[in-house]
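Asker: The structure under discussion is supplied below as structure tokens; questions concerning it will follow.
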Amino acid sequence: MTLYAFFGAIEQGFAYGLMVIGVYLTFRVLDFPDLTVDGSLPLGAAVSAVAITSGYSPLLSIFMAAGAGFLAGMVTGVLNTKFKILHLLASILTMIALYSINLRIMGRPNMALLGQDTVVDWFNGFTGMLPQHSTPLLFGLICFAVVFVLIWFLHTELGLAFLATGDNAQMITSQGVNTDNIIIFGVGLSNALVAASGALVAQNQGAADVNMGVGSIVAGLASVIIGETVFGDKTITRALIAALLGSVLYRIAIGLALGLKLGSFAITPSDLNLITAILVVFALVMPKMKRQFLAGRSK
Amino acid sequence: MKKILLLMVAVLLVASTAFAGKKYVVSVTQIVEHPALDAMRDGVADRLKEKGIDFTYNVHNAQNNMANNTQIVSQIIGEQPDVIVAIATPGAQACAQKIHDRPIVFTGVTDPVTAGLVKDLKNSGGRNITGMSDFSPLDKQVALIREIVPNVKTIGIIYNSGEPNSVPNLKALKEEAAKLGINVEEATISNSSGVYQAAKSLVGRCDVIYVGTDNTVVSAIESAVKVCEDNRLPLIVADVDSVARGAIAAVAVDYYKMGLQTGDMVARILVDGAKPGDMPVEFLNDLNLHVNLKAAQAMGVTLPQSVVDRAVKVIR
């Protein structure tokens, strides 16, 4: 792996970092497996691309994307809580609906941002560093800023209710909190982060594409699990940072797979998905192996 | 001392150009494994070999994942290539966004202007990028349809509204048909499993079904073939592989030849020092006609002898 590829992996890790945090919030905190992600990521990209090409500032476009993502997440939440549709199915419905909506928003399947000013260009110009260094720095700063706001939020009264909803809905209901509203808000918040991530990704890769969400949820879940395995999840602060760093580790692993050469045994580019799957399985089995190893030592 | 050093340097320089030749690095980014895209990738390499150019060919494949696609760009920057070959739109866009100091040659991009890769087809506005478009010549497609179905009033088209290639194709088809007073009926799908339904929905609404270079529809072309055979409705396509799979005819881009021509562009940059910014976007004018007589019979059409005679390949 060259240094460029390494920085590229960190950049991708942070670009998708907000998405991974969003996945963490639904999957781990709310206990709500949310496939809306595959649709809300390109939604954020589409909204951002349309906003930028119609003359809005790239920074504002990220907030507009987040707003759109929040609405998309709320739809999933409402389908689940008010209409009693199973969470997986509710999110799949929103996801497939978003495909058509994203095509409507852009008016075409692929919207180029090449030659348009983006937050990435701004920051690169502002720091004067090489783009391959300043871009990961920018995305990292954004991710950590969001993580700190989330940590603050999760310690407020609403945040605590949010944390408790996934843990013990009965207890929190008996405290007089409406869990339905918390779920709608929570899935909305998660998808706002995912859509903001989509906006960053589009601005970074020079185009919004209606198919760019495919496989996001897999990458998101893999990143969350890798993060937990490597960095632990004892406290919420630790878990959030672990999810974010898990995203970076996941992309570094992909980067290694992309550039893998083992002597005369040639890995072809078509092996990438297999290698990705093996990496994720490895991350899933690691905690168990670690426990067994520790148990064996303590004897 | 200085003179001797200079002399040594000079001898080394001469020797290196005369005997060793330069070993170039060509990095390729390809969005997904696909026969047409693979053919272009091989065509570029074969042409460079034919020309006796010494090069390493670093091929990357994003497995249809946009995140991998962007990461591949960082891998490529690390390889310090002399030329980057970007196959299909998303890979070309990711390269164009990140790489400004090395020549990029895209290929298999249908609409490079809308994709934001070049300002116009004449020149890339002095940028480091040029390449080849695989835009289907819709005038030739419609002419073929009229030859095979002379009294065509309405053309039915099946396409995926989510494919960047298909939307400009549809627009061009409509323009071309409008010139000749022909209607266009659309059936859109979002995945391959919708092809059967879409083809059925066109029965009775059109005189011929046309499928362009749409990856989603082409991957399930057999469903359209079945509907057309059952209803004796001609099916004409824009890729030659689908003719072998049961469509009547196609006048199509040969993606391997396209790769060869892209290889020529790469060679001009590597060897002749051409600047991508001065090189216009190229098209493949040499098209192949394939026909399938069995399919024609099953769909109730008699192919005119003039069409059969022109075909590069006739399936009986």
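The values are calculated or read from the model by the stated rules, or taken from the named source; none is laboratory data. A quick note: this is a predicted structure, and the numbers were derived from the prediction, not measured. FYI the Cβ positions are ideal-geometry reconstructions off the backbone, even for glycines, and counts take in every protein chain you see. In case anyone asks, the SASA skips ligands and DNA or RNA and just uses the protein heavy atoms, side chains included. Shrake-Rupley method; radii C 1.70, N 1.55, O 1.52, S 1.80 Å.
Asker: Which whole-number percent gives the relative contact order of region A:5-128, counting Cα pairs below 8 Å spaced six or more residues apart?
Answerer: Relative contact order here is 29 percent.
Asker: Could you work out Rg/(2.2 N^0.38 Å) for region B:158-316, with Rg from alpha carbons only?
Answerer: This ratio for region B:158-316 stands at 1.17.
Asker: In the full protein assembly as shown, how much of residue B:170 is accessible to a 1.4 Å probe, in Å² to the nearest 10?
Answerer: 20 Å²
Asker: Looking at chain B, what % of its DSSP beta bridges pair antiparallel, to the nearest 5?
Answerer: 10 percent
Asker: Using only Cα atoms, find the angle between the long axis of helix B:2-15 and the longest principal axis of chain B, and express it within 0 to 90 degrees, rounded to the nearest 10.
Answerer: 20 degrees
Asker: In Å², what does the accessible area per residue of the protein assembly as shown work out to with a 1.4 Å probe?
Answerer: 43 Å²
Asker: Determine the gain in length on full extension of the stretch residue A:170-residue A:141; use 0.36 nm per residue of separation and subtract their C-alpha separation, reporting nm with one decimal.
Answerer: Gain on extension, residue A:170 to residue A:141, equals 6.7 nm.
Asker: Okay, moving on. Given a 1.4 Å probe and every protein chain left where it sits, what share in percent of the accessible area of chain B is carbon and sulfur?
Answerer: Its accessible area is 54 percent carbon and sulfur atoms.
Asker: On to the next question. Sort B:306, B:193, B:74 by heavy-atom solvent-accessible area, probe 1.4 angstrom, most to least.
Answerer: Ranked from most to least accessible, the order is B:193, B:306, B:74.
Asker: Quick one: pull the percent of accessible area on region A:1-104 belonging to carbon and sulfur, 1.4 Å probe, ligands and nucleic acids left out.
Answerer: C and S fraction of accessible area: 74 percent.
Asker: How many angstrom lie between the C-alpha centres of region B:61-116 and region B:208-268?
Answerer: Region B:61-116 and region B:208-268 have Cα centres spaced 25 Å from each other.
Asker: For region A:113-176, which whole-number percentage of the solvent-accessible area (1.4 Å probe, protein heavy atoms only) is attributable to carbon and sulfur atoms?
Answerer: 65 percent
Asker: Can you list the DSSP H helices in chain A whose Cα atoms extend at least 30 Å along the helix axis and whose mean Kyte-Doolittle hydropathy is -1.0 or higher?
Answerer: Flagged H segments are A:58-81, A:131-154, A:179-205, A:236-258, A:272-298.
Asker: Would you mind listing how long chain A runs along its three principal axes, going by Cα atoms, in whole Å with the largest first?
Answerer: 62, 56, 35
Asker: How long, wide and thick is chain B, going by the Cα atoms along their three principal axes, in whole angstroms, largest first?
Answerer: Each principal axis gives a Cα extent; for chain B these are 89, 40, 32 Å.
Asker: To the nearest 10 Å², what's residue A:280's accessible area with a 1.4 Å probe?
Answerer: Per-residue accessible area (residue A:280): approximately 30 Å².
Asker: While we're looking at this one, here's another question. Relative contact order of chain B, please, whole-number percent, based on alpha carbon pairs below 8 angstrom and at least 6 residues apart.
Answerer: 19 percent.
Asker: When chain A is treated as a GNM, springs tying every alpha-carbon pair under 10 Å, which of A:18, A:114, A:137 comes out with the largest mean-square fluctuation?
Answerer: A:114
Asker: Still on this structure, please answer the following. Write down the Kirkwood hydrodynamic radius of the protein assembly as shown, to one decimal in angstroms, obtained as one divided by the mean of 1/r over all alpha carbon pairs.
Answerer: Radius from the Kirkwood sum: 26.3 Å.
Asker: Right, here's the next one. Would you mind giving the mean number of other chain beta-carbons within 10 Å of the Cβ of each residue in A:105-115, as a whole number?
Answerer: Neighbouring Cβ atoms belonging to other protein chains average 6 per residue here.
Asker: Using the scaling law 2.2 N^0.38 Å as the reference, what is the normalised Cα Rg of region A:135-272?
Answerer: Here the Cα radius of gyration is 1.28 times the empirical estimate.
Asker: Separate question: Just counting partner chain Cβ atoms within 10 Å, what average do the residues of peptide B:59-65 show around their Cβ?
Answerer: Partner Cβ neighbours, averaged per residue: 6.
Asker: Then there is this: How shielded is B:108-117 by partner chains, expressed as the average number of their Cβ atoms within 10 Å of its Cβ atoms?
Answerer: Shielding by partners across B:108-117 averages 3.
Asker: Give the relative contact order (percent, whole number) for chain A; include only Cα pairs under 8 Å separated by 6+ residues.
Answerer: Worked out over chain A, it gives 35 percent.
Asker: Same structure again: Have a look at B:152, B:218, B:195 and tell me which one the Gaussian network model of chain B (Cα, springs below 10 Å) gives the largest fluctuation.
Answerer: Ranking B:152, B:218, B:195 by mean-square fluctuation puts B:152 first.
Asker: Taking each pair of distinct Cα atoms in region B:143-186 once, what is the resulting Kirkwood hydrodynamic radius in Å?
Answerer: Here the Kirkwood hydrodynamic radius works out to 11.0 Å.
Asker: Taking a cut-off of 17 Å between Cα atoms, list the lysines near residue B:122, but don't count ones fewer than 8 places away on the same chain.
Answerer: Residue B:122 reaches B:275.
Asker: Which residue, B:101, B:239, B:82, has the most motion in a Gaussian network model of chain B that connects Cα atoms within less than 10 Å?
Answerer: B:101
Asker: What residues in region A:57-102 lose 40 Å² or more of accessible surface when the other protein chains are added to their chain alone (1.4 Å probe)?
Answerer: The answer is A:99.
Asker: Would you mind checking the tilt of helix B:35-50 against the longest principal axis of the Cα atoms of chain B, expressed as 0 to 90 degrees and rounded to 10?
Answerer: 40 degrees
Asker: Chain pair B, A: how much accessible area is buried, both chains summed, with a 1.4 Å probe, in Å² to 100?
Answerer: Buried: approximately 2900 Å² between A and B.
Asker: In what sequence, highest mean first, do A:284-292, A:178-186, A:34-42 appear when ranked by Cβ atoms within 10 angstrom?
Answerer: Most protected by this proxy first, the peptides run A:34-42, A:178-186, A:284-292.
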